[in-house]
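Please read the structure below before turning to the comments.
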Amino acid sequence: MITFGLIINPYAGIGGAVGLKGSDQMVEEAFRRGAQQKAMSRTSDALSGLSEHKARCRFITCPGDMGQSVLDELGFDYSLLPMPEKEQTSAADTQHAVTLMAEQQPDVLVFAGGDGTARDILAALAECEHGDIPVLGIPAGVKIHSGVYGVTPQASGEVLNTLLNGGLVDIKESEVRDLDEEAFRQDKVVARHYGELRVPQVGHFVQAVKQGGVESEELVLADIAAFLREEMEDQPATLFLIGSGKTTQAIMEDLGFDNTLLGVDAVYVDNDGHIDPIANDLNEQGILQLFERYPSRKAVLSIMGGQGHIIGRGNQQFSAAVLKQLGKTNVQLVSTKTKLTELNGRPLIVDSGDAALNQQWAGTLEVITGYRDKVVQPVV
């Protein structure tokens, strides 16, 4: 079950058709000129293509026209955020919804709006503890200069459809930009960069690691190792457990440490970002003992080729007891895109021996697939 957050700015784009060159602070004037709200219908266009996956996804959304109305129309399962329904909403309502949404950590936050809405999303997430949620925009505004949107509502829907089908969905940093509407109405284009959001996009193979149209495993593993080393160095005072497999073996070799191909090794990043080996070939008890010494810990796991297991095949040292202390958010997966595509759309599998824990870990996880290259994959 994949969980999508949905926030609609009901007044996005309302000024475009009546010549207002934007909608910010212009709702009343737009209605006076006979404008019609279109954000809900554009959201419906984006989500209607997911109808065959209703049993595999659910939504968290806002009351009324900020999300609930569209999901009722399309027949999706959803839960409502604890916020009142308003006759006319504002940027403050959008930001409040984002704050509440982030607490529930959906797999992807989907929103419909324009560049002003994207700015509201960016600002709110910056203040949230779990503000690194992937965000995908459905274009519904007058001004669409930010890189967080699909080129059409249907294109945004296709990204979600690809994710539900187990296809490659990259996670890329994309910029949020907005025009000064007052200047725009005076025929002046004044754009400003406000920041970046992490945006899911239909995946592709990175050209730099392809040879003759085929992914080069050696180059990909080197890229994964180089990127992960950078990520580790930026997380001081953290224990990293390195799981079994050829992909993780390449990481240990890049670090210059001995590796247990079919076991679990541990390294520690000190306060200065230096990485040192701690232990090799750990069992469950050895891992739990390290947890007593190191409060900040993460695990780097590879994916079982052909089957898609991330837990329960060849790494039983990551028992239910270990996973409960570790937590899903502290797991970083690594894989080549070739291995992921060979799953033919099948989700990744957690088989911890604890059915309740397996269910808690269901949803999505991000996978490093190259240098600064990540995809998001469904997990059951």
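Points worth noting:
- Rounded if a/c under 1.5, otherwise prolate or oblate - the stretch 75-138, Cα gyration tensor axes: rounded
- Restraint check, Lys38/Lys172; Lys298/Lys374; Lys54/Lys86; Lys172/Lys374; Lys246/Lys339; Lys328/Lys374, Cα-Cα greater than 19 Å: Lys38/Lys172; Lys54/Lys86
- Annotation: amide H-H contacts under 5 Å for Val199 (H modelled 1.01 Å from N, sequence separation of 5 or more, or interchain): Val135, Lys172, Glu173, Ser174.
- In a reduced charge model with +1 at each Lys and Arg Cβ and -1 at each Asp and Glu Cβ, the stretch 318-380 shows a dipole moment near 160 debye about its Cα centre.
- Carbon and sulfur %, accessible surface of the chain computed with the full protein complex present, 1.4 Å: 45 percent
- Cα extents of the chain along the three principal axes, largest first (Å): 71, 42, 42
- Remark: the stretch 173-179, residue by residue, has Karplus-estimated 3J(HN,Hα) of 6, 10, 7, 9, 10, 8, 8 Hz, where x stands for each Gly or Pro and the curve is 6.51 cos²θ - 1.76 cosθ + 1.60 at θ = phi - 60°.
- Rough spin-label spacing in nm, given labels placed 7 Å along Cα→Cβ, for Glu196 and Asp281: 4.2 nm
- Normalised contact order of the stretch 249-380, rounded percent, pairs of Cα under 8 Å and 6 or more residues apart: 19 percent
- Rounded tilt (10° steps) of 217-233 against the dominant C-alpha axis of the chain: 80 degrees
- Whichever aspartates and glutamates have a C-alpha closer than 15 Å to that of Lys324, once near sequence neighbours (fewer than 8 apart) are set aside: Glu284, Glu292, Asp351, Asp354
- Anisotropy class of the stretch 40-148 from Cα gyration tensor, a/c 1.5 cut: rounded
- Positive contributions from Lys and Arg (+1) and negative ones from Asp and Glu (-1), summed over other residues with Cβ under 12 Å from the Cβ of Val267, come out at -3.
- Among residues other than Gln316 with Cβ under 14 Å from its Cβ, the summed charge is -3 (Lys and Arg +1, Asp and Glu -1).
- Accessible area per residue for the chain is 43 Å², calculated with a 1.4 Å probe on protein heavy atoms, without ligands, DNA or RNA.
- Global form of the stretch 305-380, assessed from the alpha-carbon gyration tensor, a/c cut-off 1.5: prolate
- Nitroxide proxy distance, nm - points 7 Å out along Cα→Cβ at Asp354 and Lys328: 1.4 nm
The values are calculated or read from the model by the stated rules, or taken from the named source; none is laboratory data. Remember, it's a predicted structure, so these values are computed and weren't measured experimentally. We place every Cβ from the backbone using ideal geometry, glycine too, and count neighbours over all the protein chains shown. Areas reflect the complete protein model, heavy atoms only, side chains present, ligands, DNA and RNA absent. Shrake-Rupley method; radii C 1.70, N 1.55, O 1.52, S 1.80 Å.
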